[in-house]
Amino acid sequence: MNRLVSSLASLFFIAQPALADASLYAGKTLRVIVNFAPGGAADTEARLFARFIGSVIPGNPQVLAQNIAGGGGLSGANHVGRSAPDGLTMGYLTGVGARAAFEPELFQTRFADFRMIAYIEGATIYYARRDLKPGLTTSADIVKAQNVFVGGLSAGSSKDLTMRLTLEMLGVKHGYITGYSGAGPLRLAFESGEISMLSDGRATYNTSIAPMVQAGQVLPIYVDTGYDGANLFTPKGNRDMDLPPFHEFYEKTMGKAPAGPLWEAYLALLASNTMLQRIVAFPPGVSKAHVDMLKAAVTALNTNREFVETGTKAFGFVPEYEAGAEVQDKIERMTSVSPQTIEFIKTYIARGQNSGAPK
C-alpha cells in the first residue's frame, strides 16, 4: 500500500508543471545563457536542455540558447547575474561553483544571491595506459607504476588539481605536464604516450576512451568521490560503471581512510566543482513562482522519454538534474570552503609547474 501511495505521489509531483499558472511563460521567450563557447560538452549539453525544457514548462515558451563565453565562464555568469529578474533569462553554467568558492570577488553579483534551480553532479573517470611499467593488470597496480605522467590544462584547473591530489595521496611518483590547449591535444598526448594518465567526464569517456578500454590499451582506475559537503558517495553518473569512488579505492589500497590537507583540498574541489558540474540558475530577485515552476519542469525533464532517449544517444548516458527544495542551501554549502583550505590550494597551485621527471 505504501509503495502505491509513494508511486502516486511521484506521479503527482511530476505532473505539477501542467497544473501551474501557464501565463508566466505563455507566448514568451526564455533565454538560456551558456557560459562557454559553442562546440564543447558544456554547450552540447546546454542545447539539449534548451531543446526540451520548453515542452515541460506550462505555457510552452520558446527557448533560445545563447553563448556568452570568456573569463573561464565568468562572462556568462556575470551576464546572468545582471539580467532583469523577470524569469526570462537563466544560466546553464559550467565551472562557476569553484570560482564562487575560491574567487567570489570575481562575481559582479554575489553568487549566493542567484536563484538556484538545479545542478548536475559530475561523473569523472580516471584512467591510465596499460603499458605503464611494470604493467597494469588491475587498478591497484597504479601505486607500483613507474614513469607516470599526467597532463592538464593549467595548474589551477580542477582537472589538473584532482589528478595531482589523488596520485599524491596514493604515494604515486609522477611527472606533470600542463598547458595543453584543450581536450583534443590532451587526447593526442595520451595516445602517443607523452602522458600516461588522464581523467575525463562520462560523455568524453564513453565516446573516446571506452573503445581503447575494450581494445585492451587503457585501464580505468577509479572515479571521483561524490561529496555534497556532508556525505561521501558514488556520483549518479558513475553508478553503473563498477568502478570504486576514490575514497573507497584509497581505503582498499592503502588500508586506511584518507585524511589530511590533501584530502581536505580534494573534498573542497569535489563539492564546489565536480559535484556542481552544471548549475541552472536565475539571476537574483526572480520570483518564487518562476523558481518553483522551473524546478518542477526540470524534475519532469529527468523522466521525459524523448529527453532521456536523445541524451543517451548523444552522450551514452542521460544528464540527471538535482532540483529539490534544498538546492539553494546545498549549493551554498558546497561552495563554502575554509580559509585554511583555500590557502593550501593556492600554495598547491603555485607548486604545479611542468615536471621533466616523476617526483
Q) lysines near Lys313 by alpha-carbon distance under 22 Å, same-chain residues fewer than 8 away left out - which ones? A) Lys236
Q) For region 66-132, what log10 I(q)/I(0) values come out of the Debye formula at q = 0.22 1/Å, with one point per alpha carbon and no solvent? A) -0.99
Q.
Let's see if you can work this out: charge +1 on each Lys and Arg Cβ, -1 on each Asp and Glu Cβ, no other charges. What is the dipole magnitude of region 210-280 about its Cα centre, in debye to the nearest 20?
A. 60 debye
Q. Can you list the residues of region 100-123 with backbone N under 20 Å from a point 7 Å past the Cα of Thr312, pointing along Cα to Cβ?
A. 121, 123
Q | Over the chain, equivalent-ellipsoid semi-axes from the Cα gyration tensor in Å | A | 36, 22, 19
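Averaged over all directions, how much area does the convex hull of the C-alpha atoms of region 207-316 cover when projected, in nm²? Can you show the working numbers first?
On the way: hull surface 40.1 nm².
Computing the convex hull of the Cα atoms and averaging its projections yields 10.0 nm².
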Q: Express the C-alpha Rg of region 251-346 as a ratio against the empirical globular expectation 2.2 N^0.38 Å, rounded to two decimals.
A: 1.42
Q: Extending each Cα 7 Å along its Cβ direction at Asp131 and Ala257, get the distance between those two points in nm, one decimal.
A: 4.2 nm
Q: Please give, to one decimal in nm, the separation of the simple spin-label points placed at Ala230 and Gln214, each 7 Å out from Cα toward the Cβ.
A: 4.1 nm
Q: Name the lysines eligible as straight-distance cross-link partners of Lys295: C-alpha to C-alpha under 17 Å, and not fewer than 8 places from it in the same chain.
A: Lys330
Q: Quick one: angle between helix 288-301 and the longest Cα principal axis of the chain, in degrees between 0 and 90, rounded to 10, please.
A: 60 degrees
**Q.** Span from the region 94-131 Cα centroid across to the region 29-91 one, whole angstrom
**A.** 16 Å
Q: Would you please give the residues with an amide H less than 5 Å from that of Ala123, counting only those at least 5 places away or on a separate chain, with H modeled from the backbone geometry?
A: Arg202
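Values quoted throughout were computed directly from the atomic coordinates according to the rules given, and no laboratory measurement underlies them. This one's a predicted model, so the numbers in the text were calculated from it and none came from an experiment. With ideal geometry, Cβ positions are generated from the backbone for all residues, glycine too; neighbour counts draw on all protein chains shown.
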